Each structure stands twice: as C-alpha cells, then as structure tokens.
1. Taking the residues in region 134-154 that are crowded, with 18+ Cβ neighbours inside 10 Å and of a type in the set (Gly, Ala, Ser) as candidates, determine which candidate is nearest to residue 97 (Cα to Cα).
2. Which residues, taken from region 76-133, are in a loop (DSSP other than H, G, I, E, B), under 25 Å from residue 45 (Cα atoms) and open to solvent by 80 Å² or more (accessible area, probe 1.4 Å)?
3. Take residue 64 and decide whether it is assigned to a strand (DSSP E or B) and more than 19 Å from the chain's Cα centre (by Cα).
4. Conditions first: (1) modelled with pLDDT of 90 or more; (2) in contact with a Leu (Cβ under 6 Å, 6 or more places away or on another chain); (3) hydrophobic (A, V, I, L, M, F, W, C). Residue 78 passes all but one, so which condition is the exception?
5. For residues that are within 14 Å of residue 148 (Cβ to Cβ) and touching a Lys or Arg at 6+ places or on another chain (Cβ under 7 Å), tally how many sit in region 67-108.
6. Looking at residue 69, is it open to solvent by 70 Å² or more (accessible area, probe 1.4 Å) and either within 22 Å of residue 128 (Cα to Cα) or at pLDDT below 90 (or both)?
Amino acid sequence: MKFNYLIAIIVSILLIGCKEVKDPDTVKSEHEVHYELGLLPKIMSMPATPLKVKWQLSGDRNLYALLTYSQEDYKFVIENSTPFEVVSNTKLNDTFYRDWLENKIKLDATYHNGSYEIIGVHDVQANLFVQAEHSPFVNGSVTPLGEGIVLVSLYAM
C-alpha cells in the first residue's frame, strides 16, 4: 500500500513539472500574419464574408486586418461605416504600407517621417467591426483602399 502511494506521489511530481502541450493549430505567435479567417470572426465582427484576408495581432492591444470583399460587400461596408467628425488623409506606417499593400492598391501617397500619407483616402469608424461584448478590440478605424479592399485597425483600451 505504501509503495503504491509513493509511486502516485512521484508520478504527480513528475507531471507537475511537465509543460502543457497545446494543439499546434491553436498556438500562434502574437506577431504571426494569418491568411485564413481562423479566429478572426471570434475577435472581430464580420459584416460580410471576405474573399481574401490577411490579419495580425500585435500584442494583446492591436489587431490589423486587410480584407478583400466583393464590390457589393465593399460598398456596404463603406456606406454603413460612420465617418469621423474630423476628416483628414489616411496615414500608414511605412513598413505596413510597403509589406502589406499590394502594388495595385498602393495609392497616391507622400512620405513623411516614417509614414505614408494617402491623399484623398479618409478613414471611417470601425462600428461594423467591433463587438464590445465579445472582444477587447472596441475602437479603431477602417481605411477604404479601393479594389474591394479595406484595412481594419482595431485596438483594445
């Protein structure tokens, strides 16, 4: 009896020291760029199903999603997004502009101190993409880039 008790204690001690092994499909680097919807619909509202996605979590405070929609869904997103009170040209980080945007959507932009200002493109509020009750990402903007493509930038408070 003491022997079985001793074995149980040793096995318990060994198991306590083991690392939890998770399913490799669910373990992702926080800065990994994703090209499939995956968890995105669980952390961001999707007003329509995109034809193509590219998204990334940057830490636990920022979410970036480049979504390609049909022209009809793109029009719906733009028309139903709330404009900001102050309208100004969109500014994108230079690395993001170079690495994320395809050449066909690199719009007329001027470079200033590490960012590109896209002339004539104005962000709108991300009201269609935030789900305060399901996600920490409750604020942000949507940048309409044409060709059915929007950039959704969300952040947590």
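1. Within region 134-154, the match that is nearest to residue 97 (Cα to Cα) is 153.
2. In the first step, residues of region 76-133 are kept if they are in a loop (DSSP other than H, G, I, E, B); the result is 80-82, 84-88, 101-102, 106-108, 113-114, 123, 126-133.
Now restrict to residues that are under 25 Å from residue 45 (Cα atoms): 80-82, 84-87, 101-102, 123, 126-133.
85, 86, 87, 133 - these are the residues of region 76-133 that are in a loop (DSSP other than H, G, I, E, B), under 25 Å from residue 45 (Cα atoms) and open to solvent by 80 Å² or more (accessible area, probe 1.4 Å).
3. Details: assigned to a strand (DSSP E or B): yes; more than 19 Å from the chain's Cα centre (by Cα): no.
So residue 64 fails the test.
4. Every condition holds for residue 78 apart from (2).
5. Of the residues in region 67-108, 1 are within 14 Å of residue 148 (Cβ to Cβ) and touching a Lys or Arg at 6+ places or on another chain (Cβ under 7 Å).
6. no
The values are calculated or read from the model by the stated rules, or taken from the named source; none is laboratory data. Small disclaimer: the values here were computed from a predicted structure and weren't measured. With ideal geometry, Cβ positions are generated from the backbone for all residues, glycine too; neighbour counts draw on all protein chains shown. Ligands, DNA and RNA are excluded from the accessible area calculation, which covers all protein heavy atoms including side chains. Shrake-Rupley method; radii C 1.70, N 1.55, O 1.52, S 1.80 Å.
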